[in-house]
Amino acid sequence: MMHRGHMTPSATWKVGRLAEAGGLTVRTLHHWDAIGLLSPSQRTTGGHREYTEDDLVRLYQVLALRSLGLALDTIAVCLDAGVDPTRLVRDHLAGVEASMAALEVLRERLVRLGEELSSDRAPASTTLLDALQAIGGTGPGSEHTLGRHLDADQIQVLRARASALGPAMHYLLEIEWPELYRRAERLRGAGTPATDQKVRRLVARMDELSALFTGGDAGISAGVRAAWHDDPAAMSGEADAPADDWRELAEYLDRARHSPA
């Protein structure tokens with residue numbers, strides 16, 4: 001993060017100077033301005049738009065998140081939601097380390113299982129159960145709920161596509177998607193009609209994210225929606241998620257999705 005003390009409070013930058021400093025093109029900054037990702041927030045007395053120190057900090061954050069492979073719209077959601085990129089990197093690192101630890105547990109259990117099998121004696125039931133649990137064959141959670149609505153091949157598609165997204169997966173699932181649902185719930189709570197363009201745009205982005213994980217497979221998409229309807233607490237990871245609220249929101253979003261344009 002850039003320290004404010006390293007520059008004067010009155011420092012401003014024209015688009016060309018900022019583009020050069022950030023290793024970008026002027027065209028890129030103009031595009032980011034047009035989509036609302038990064039806009040110059042100060043005007044001179046002559047009416048020229050200039051970037052301020054706060055804009056420079058946001059540029060620094062945009063570049064940091066883009067280096068992780070995030071899409072621009074995902075970056076915008078993260079920053080507008082007040083998410084600290086440093087925390088995002090730390091959270092992602094923690095997730096990677098947790099995955100490494102889980103793989104090490106799996107490796108140890110498979111080594112033990114292999115040793116027992118190679119000794120020409122039947123492995124103990126506890127060894128088999130340990131190996132199954134490490135692989136992910138047992139235990140509560142969203143995958144069991146999905147398993148009631150999707151077959152093994154469909155779940156494997158979800159896993160493969162999520163893995164292919166790399167670092168972006170964490171932020172799409174844990175930052176952008178929940179924020180989209182929160183925004184939709186605020187609109188619903190405020191009495192905004194499902195046909196309102198603000199709701200339609202949220203639904204369109206939700207469907208884009210769904211396609212990233214399902215590959216556009218209508219059967220998988222329907223199964224995932226059914227799993228959310230069946231057990232929203234398990235799917236959201238929030239034990240206290242009220243089922244009725246989730247279902248009312250889902251119906252609200254479906255009305256926005258299927259109503260005439």
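The values are calculated or read from the model by the stated rules, or taken from the named source; none is laboratory data. As the structure is a computational prediction, the values presented were derived from the model and not from experiment. Cβ sites come from the backbone with ideal geometry, for glycine too, and all protein chains shown count toward neighbours.
Criterion first (surrounded by 13 or more Cβ atoms within 10 Å (Cβ to Cβ), modelled with pLDDT under 75 and within 24 Å of residue 78 (Cα to Cα)) does residue 233 satisfy it?
Taking the combined requirement at face value, the residue satisfies it.
Among residues belonging to the range 102-123 that are modelled with pLDDT under 70 and outside any helix (DSSP H, G or I), point out the one that is surrounded by the most Cβ atoms within 10 Å (Cβ to Cβ).
Only one residue tops the list, namely 123.
What residue, among those in the range 73-90 that are of a type outside the set (Gly, Ala, Ser) and surrounded by fewer than 16 Cβ atoms within 10 Å (Cβ to Cβ), is modelled with the highest pLDDT?
The selected residue is 73.
Can you find a residue that is of a type in the set (Val, Ile, Thr), under 25 Å from residue 82 (Cα atoms), in a helix (DSSP H, G or I) and within 9 Å of the chain's Cα centre (by Cα) anywhere in the range 190-199?
no
Determine, yes or no, whether residue 57 is closer than 22 Å to residue 176 by Cβ, in contact with an Asp or Glu (Cβ under 7 Å, 6 or more places away or on another chain) and not assigned by TED's automatic domain parsing to the domain that holds residue 177.
Here the answer is no, as residue 57 does not meet what is asked.
Identify all residues within the range 159-172 that are surrounded by 15 or more Cβ atoms within 10 Å (Cβ to Cβ) and at pLDDT below 75; write none if there are none.
165, 167, 168, 169, 170, 171 - these are the residues of the range 159-172 that are surrounded by 15 or more Cβ atoms within 10 Å (Cβ to Cβ) and at pLDDT below 75.
Here is a yes/no grid of residues against (1) in contact (Cβ under 8 Å) with a residue 12 or more places away in the chain; (2) outside any helix (DSSP H, G or I); (3) under 26 Å from residue 86 (Cβ atoms):
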site	(1), (2), (3)
28	no, no, yes
33	no, no, yes
37	yes, yes, yes
62	yes, no, yes
